[in-house]
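Each remark here refers to the structure printed beneath this line.
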Amino acid sequence: MDIYPRLIPCITIAMLLATIPCIAQGQQDGCRQGFVWREATSDDHVCVTPEIRAQTFSDNRSNPNEICPRGLVWREANTRDHVCVDPATRAQTWDDNRKASSRTAQPSPAGARSGEFRVVETLLRADPSDYAGPCPVTIRFSGRISAVGDAGRVSYKFLRSDRASGSISTLTFDSPGSKSVSTTWQLGAPGEVYSGWEAIQVFEPGETTSDRATFRIQCE
């Protein structure tokens, strides 16, 4: 009797799937059986179904835009993902992010206990990010903080390029998921050109800072 486990052969169905690595027993690295890394970006290791991964690769080739045409939005699998997709695809992407911890077969990070509450994503964007017109103008910053593990509390504040910072706020999570955060910044005077940014700084349960949400204004 063969004492070695048999590997299920990988069959290339189409050129699109040719880049998907072979999966023994349906499992790839840190993912549970039946899931694979999404790889919306090179460091995106959220586990999704093979169909979602194939769609992600297709969207990467078809819509690699920083400015989305009407009707499309940034996919935002993470802070570097600015591929344009329809709103339903972005909703699916965010749902996959929320379910990430339930689909991984990897052990918790070194020093982390099973079920330990921790922040896994901070995301912030500016709207408008490039403005020309009358001033002062109000820049609106919207984002989200995602956490996994048991229930817990997140303490955070907004940082600004002018070195001003807001007061510390808290979010309470009863279960894994994402919560929205937002703030505004009114600035600008006639004839002024200004570039700036805001970011989210998390203090609890562990320190981390989001990528900067940058903007530029040109006042008339």
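The values are calculated or read from the model by the stated rules, or taken from the named source; none is laboratory data. Since this is a predicted model, take the numbers as computed values, not measurements. Note that we place each Cβ from the backbone using ideal geometry, even for glycine, and neighbour counts take in every protein chain shown.
Return yes or no: is residue 58 surrounded by fewer than 18 Cβ atoms within 10 Å (Cβ to Cβ) and modelled with pLDDT under 85?
Values: surrounded by fewer than 18 Cβ atoms within 10 Å (Cβ to Cβ): yes; modelled with pLDDT under 85: no.
Considered against the rule, which asks whether it is surrounded by fewer than 18 Cβ atoms within 10 Å (Cβ to Cβ) and modelled with pLDDT under 85, residue 58 comes out as no.
Taking the conditions (1) under 29 Å from residue 68 (Cβ atoms); (2) in contact with a Phe, Trp or Tyr (Cβ under 8 Å, 6 or more places away or on another chain) in turn, residue 153 satisfies each one other than (1). Filtering 65, 97 for residues that are crowded, with 16+ Cβ neighbours inside 10 Å and either among the β-branched types (Val, Ile, Thr) or modelled with pLDDT under 90 (or both) leaves a single hit, 97. I'd like to check something: does the range 177-197 contain any residue that is in contact (Cβ under 8 Å) with a residue 60 or more places away in the chain and among the hydrophobic types (A, V, I, L, M, F, W, C)? Yes, the range 177-197 contains at least one residue that is in contact (Cβ under 8 Å) with a residue 60 or more places away in the chain and among the hydrophobic types (A, V, I, L, M, F, W, C).
I need the strands (runs of 3 or more DSSP E) fully contained in the range 146-191, keeping only those with at least 2 residues that are within 22 Å of residue 135 (Cβ to Cβ).
In the range 146-191, 152-160, 177-187 are the strands (runs of 3 or more DSSP E) which contain 2 or more residues that are within 22 Å of residue 135 (Cβ to Cβ).
Scanning the range 128-145 for residues that are touching a strand residue (DSSP E or B) at 6+ places or on another chain (Cβ under 6 Å), in contact (Cβ under 8 Å) with a residue 60 or more places away in the chain and assigned to a strand (DSSP E or B) yields 130, 131, 132, 137, 139, 141, 143.
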